[in-house]
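Quick notes on the structure that follows.
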Amino acid sequence: MIVKNNFLDMEEQNWYNHFLESIYDLFPKKAQVTQELMDLLCLEREAVYRRTRKDVIFLAHEVVKIASTWNISLDEILGIHSKKISFQMQPLNYLNPSKSEFHNMQRMVNNLDEMVCDPESEYMEVRNRLPRPLSIGYLALYRFKIFIWAYQYNQNEAHKHFSDIIIPEKMCQEFASYKKKICRINNSHYILDQYIFEYFVNSIKYFHSIMLVTDEEKELLKKELHALLDYMLEIANKGYYPETQKKVSLYVSKINIDTNYSYLFSEKQKMCHIHAFGKYYISSFDLDMVNNFRTWMNLKKRSSIRISEVNEIKRIEFFSEQRRVIDGL
């Protein structure tokens, strides 16, 4: 049944307008919207045009599919205050992503475009694992992280050796795009577990001991760990990404970090993540929860030591210890 816009009362028009605005906010290039909706809903171009012009409205199941796929809060759109905060996880097979999984990853990377244009944009991680924005530029290290993920959580890939892990070229291109954009965010903060390199080295030692990593691969990973450490030291000395000169603050937590968290915050993009199962994000776009994450994560600085720009003695101690750990390979 076709529902004309003039049959919508004021309340219905409000939620529908808000819903359309939420869709358009997701895509920096508005021309993408039509094609994305066509692919998602399996509609012809004209059918999408009618819905975005409000000649007809999206059907209920279409609204639900759009909202669930693109992380649009139905509660917020409909003005419902349930006092329940939803977190969403979108699994991604890094070795053989489906079309929808790859689309979701592209959208996540593209959404960073709006953040880099905001002078107040902010990114923060609390990590006991090597942070993705720092390590993603080192392909062997990132392959190893995906190898661990596949071994632990992907039944179809669990039998593979490290040498069998091949990241699709299209994924590598998205990784490179992500790295380029994340380094352009104006303010980044990383609070790192003091044993962050030791955890990674122990994983290499384990898989080497069960012969899934060869001697040559172990040496390659060791070389890249040293390169990553040199890169992090340069950031710590300068207080910014060397590629973009965007500000970076590095901290070392004196209390062990049990769970990995992050948030992105700008005028248009506000989200928080719990990092789970090695490579997945459990995300929330609820503003109250994002603000809570910002508060909680920044309070973590109280039990951490800043090693970027200031506190040269602690900085030297930290990087010397990480170098000793890596040399233990």
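What follows draws every value from the coordinates through simple rules; no lab data is involved. Please read all numbers here as calculations on a predicted model, not as lab measurements. FYI the Cβ positions are ideal-geometry reconstructions off the backbone, even for glycines, and counts take in every protein chain you see.
Along the charge dipole of region 272-316, Cβ charges K/R +1 and D/E -1, which of 283, 299, 313 sits furthest on the positive end? The residue sitting farthest along the positive end of the dipole is 313. Counting other Cβ atoms within 10 Å as a rough exposure proxy, the listed residues 259, 52 run 259, 52 from fewest neighbours to most.
Distance between the modelled labels on residue 223 and residue 209, one decimal in nanometres: 2.6 nm (7 Å Cα→Cβ projection).
Farthest towards the positive end of the charge dipole of the chain, among the residues 201, 212, 264, is the Cα of 201, using unit charges on the Cβ of Lys, Arg, Asp and Glu. Each of (i) 18.2, 54; (ii) 31.8, 122; (iii) 22.1, 72 is a candidate for Rg and Dmax of the Cα atoms in Å; the one calculated from this structure is (iii). Ordering 58, 183, 165 by the projection of their Cα atoms onto the charge dipole of the chain, which places +1 on the Cβ of Lys and Arg and -1 on the Cβ of Asp and Glu, puts 183 at the extreme positive end. The residue 303 and residue 55 beta-carbon pair, evaluated with R₀ = 56 Å, returns a calculated FRET efficiency of approximately 0.45. Overall, the chain carries a charge dipole of about 460 debye about its Cα centre when +1 sits on the Cβ of Lys and Arg and -1 on the Cβ of Asp and Glu, all other atoms neutral.
Short-range pairs are left out: with C-alpha atoms under 8 Å and at least six residues apart, the relative contact order of the chain is 21 percent. So what's the net charge close to residue 164: Lys and Arg +1, Asp and Glu -1, counting the other residues with Cβ under 12 Å from its Cβ? Charge balance near residue 164 sits at 0. For the listed residue pairs 180/247; 180/254; 223/314; 205/301; 238/314; 179/247, the alpha carbons are over 20 angstrom apart in 180/254; 223/314; 205/301.
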